Amino acid sequence: MIGTGSSSVQIVPTIYQQARSVEIYQRTPSWILPKPDVELSERAHRLLSIPGAGALINGAALAAMELPMQFLCNVLPLLPRRFLATVMPQYDRIWQSIYRRLLRRSVDDESIRAALVPDYGILAKRPVLSSSFFPALADPSVSLVIDPIERVTADGIRTSDGTERSYDLIVAATGYELFTDPETYRSGAIVGRDGFDLADDYRRNGLRSYGGSAHPGLPNRWSLVAPQGYVGIAWHTFVDLTARHAVRVITETGRRGATVAQVRTEAFSRWVHKMRRHGKAISAYTVDSNPGLRTYFVNSQGEALYYRPQTISGAFWFSRFSSVDDYTFDYTFTEVST
């Protein structure tokens, strides 16, 4: 098993009892936190079946996230970036102390505990939730390898210390491409008016989007997931918000008798500057406080474009009430490839 991220911590506890041995090759230690997993009583099931109960719980969760998002997007950006990059690591030191106590309760081997402690901030990579990975790691058939892999040969996996371990199966739980990296977008795949190529634009000008979905030069096109699109809530919720915005513009296009809608360049530029201003704390933390860390929160251009630096209420407002005049509406359609 190569990797100790979200995929690995789910796979290892599932397969180790069926395997003679499992070797886990750790690249970067993950923050592995206990996963809340309670069995609901019959009474709880009855309460959840009441109409509106699920919506009420979801609303309460969103409301609980509003305050920290307000602080992150509206308060911290008022401070100097250098100050933020200096102060925010203190927050991580508190978490490292808590995490070491968690490891002392969960992992007996002192050397393994030391190897499992991340040397980066808890929010600089996505934390992992699992209550079964550490018990699996304690099994005699499971071992943690912390030396970097040098090469994979026909006979085994060779690490930097010269050790070669044989294998029957290699599981590469090593991550995936994400919408925040320019390399994800292939030239010629998304082409708009006048030869506009989204991949080429991203490589020249950086990854940007209007409201996490639209881009000038690409009429009648909205991405459900785009740079600075994730709003820090459940995926289905933010995708729904993005779709609501697109549907509003499409509806307005029909109301005006038009056939084409495209975000205005001026509106796009205003939005990009606004996101840069409100995203200062996020960028200072992920880029400045955790330099050189391999994380999909920071792309190959050195920009933190995973999160949309906007509050929960702000994202809901934008999806329903943002000005449709930020778009141009045309009455002729030029065929483009998508």
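General observations
- The listed residues are SER313, SER323, SER300, and the only one of them that is touching a residue at least 60 places away in the same chain (Cβ under 8 Å), surrounded by fewer than 19 Cβ atoms within 10 Å (Cβ to Cβ), within 20 Å of ARG244 (Cβ to Cβ) and out of contact with any Lys or Arg (no Cβ under 9 Å at 6 or more places or on another chain) turns out to be SER313.
- Some residue of region 241-251 being basic (Lys, Arg), part of a loop (DSSP other than H, G, I, E, B) and over 22 Å from the mean Cα position of the chain (by Cα): no
- For the residues ASP181, ASP147, ASP155, the requirement of being in contact with a strand residue (DSSP E or B) (Cβ under 7 Å, 6 or more places away or on another chain) and modelled with pLDDT under 95 singles out ASP155.
- Screening LEU72, LEU67 for residues that are in contact (Cβ under 8 Å) with a residue 60 or more places away in the chain, aliphatic (A, V, I, L, M) and not assigned by TED's automatic domain parsing to the domain that holds GLU23 leaves exactly one candidate, LEU72.
- Residue check for TRP271: of a type in the set (Phe, Trp, Tyr) and assigned to a loop (DSSP other than H, G, I, E, B): no
- Top-ranked residue in region 117-133 [being under 21 Å from the mean Cα position of the chain (by Cα) and not in a loop (DSSP other than H, G, I, E, B); ranked as surrounded by the fewest Cβ atoms within 10 Å (Cβ to Cβ)]: LEU129
- Within region 87-100, the set of residues being within 18 Å of VAL287 (Cβ to Cβ), in contact (Cβ under 8 Å) with a residue 12 or more places away in the chain and of a type outside the set (Asp, Glu) comprises MET88, PRO89, TYR91.
- One residue alone among ARG104, ARG93 is outside any loop (DSSP other than H, G, I, E, B) and surrounded by fewer than 11 Cβ atoms within 10 Å (Cβ to Cβ), and that residue is ARG93.
- Sole residue being surrounded by fewer than 21 Cβ atoms within 10 Å (Cβ to Cβ), in contact with a helix residue (DSSP H, G or I) (Cβ under 9 Å, 6 or more places away or on another chain), touching a residue at least 24 places away in the same chain (Cβ under 8 Å) and not hydrophobic (A, V, I, L, M, F, W, C), chosen from THR265, THR237, THR242: THR237
- Subset of region 174-197 (residues that are touching a His at 6+ places or on another chain (Cβ under 9 Å) and surrounded by fewer than 21 Cβ atoms within 10 Å (Cβ to Cβ)): PHE196
- Residues of region 18-25 include at least one that is part of a helix (DSSP H, G or I) and surrounded by fewer than 17 Cβ atoms within 10 Å (Cβ to Cβ).
- THR163 touching a residue at least 60 places away in the same chain (Cβ under 8 Å) and surrounded by fewer than 17 Cβ atoms within 10 Å (Cβ to Cβ): no
- Residue satisfying all of: in region 184-223; part of a helix (DSSP H, G or I) and of a type in the set (A, V, I, L, M); nearest to TRP271 (Cα to Cα) among these: LEU198
- Exclusive hit being outside the structural domain of TYR230 (by TED's automatic domain parsing), small (Gly, Ala, Ser), surrounded by 14 or more Cβ atoms within 10 Å (Cβ to Cβ) and not in a loop (DSSP other than H, G, I, E, B), set ALA136, ALA114, ALA85: ALA136
- Screening region 3-17 for residues that are assigned to a helix (DSSP H, G or I) and among the hydroxyl-bearing types (Ser, Thr, Tyr) and picking the one that is farthest from the chain's Cα centre (by Cα) gives TYR16.
- Meets criteria (small (Gly, Ala, Ser), at positive phi and outside the structural domain of GLU23 (by TED's automatic domain parsing)) for GLY52: yes
The values are calculated or read from the model by the stated rules, or taken from the named source; none is laboratory data. Bear in mind that the values here come from a model prediction, so they are computed numbers and not experimental data. Neighbour counts run over all protein chains shown; Cβ positions are idealised from the backbone, glycine included.
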